[in-house]
Amino acid sequence: MADNRRKEIFDKVSEIVADHFDVDRAKITDDLNLKTDLDADSIDFVEFVLELEDTFNEEIDDDEAEKLSTIGEVVDYIEEHTN
């Protein structure tokens with residue numbers, strides 16, 4: 001059951017990344033690094049986090065957000081902090 005939930009979260013996060021950073025969804029993996037692979041600057045990253053918060057109805061603390069660097073870390077964080 002947890003695998004299905006993780007996949008649902010991954011799919012939503014992938015959709016946001018694909019739209020926000022204009023990336024082919026097929027290239028989005030758990031290991032994709034938001035800052036180095038997507039060349040996201042601080043504004044891009046803040047906008048991405050805000051979009052995650054809206055999508056998952058969950059506030060992400062700024063200090064916690066700074067620690068999120070890969071798609072897998074984002075998915076794990078959301079899975080741990082949402083019901």
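Bear in mind that the values in this text are calculations on the coordinates, not laboratory data. As the structure is a prediction and not an experimental result, all values here were calculated from the model. Note: ideal-geometry Cβ built from the backbone for every residue, glycine included; neighbour counts use all protein chains shown.
A few remarks follow.
- Think of the chain as a dipole: +1 on every Lys or Arg Cβ, -1 on every Asp or Glu Cβ, centred on the Cα centre; then among Ile60, Val17, Ala2, Ala2 lies furthest on the positive end.
- Estimated FRET transfer efficiency (Glu64, Ala26; beta-carbon r; R0 22 Å; 0.05): 0.15
- The per residue volume of the convex hull around the alpha-carbon atoms of region 23-62 is 90 Å³.
- Cα-derived Rg to Rh of the chain, Kirkwood definition: 0.92
- Gained length - Ala2 relative to Asp76, 0.36 nm times residue gap less alpha-carbon distance: 25.5 nm
- Net dipole in debye of the chain [+1 Lys, Arg Cβ; -1 Asp, Glu Cβ; about Cα centre; nearest 20]: 440 debye
- Residue order, fewest to most beta carbons within 10 Å, for Thr29, Thr70: Thr29, Thr70
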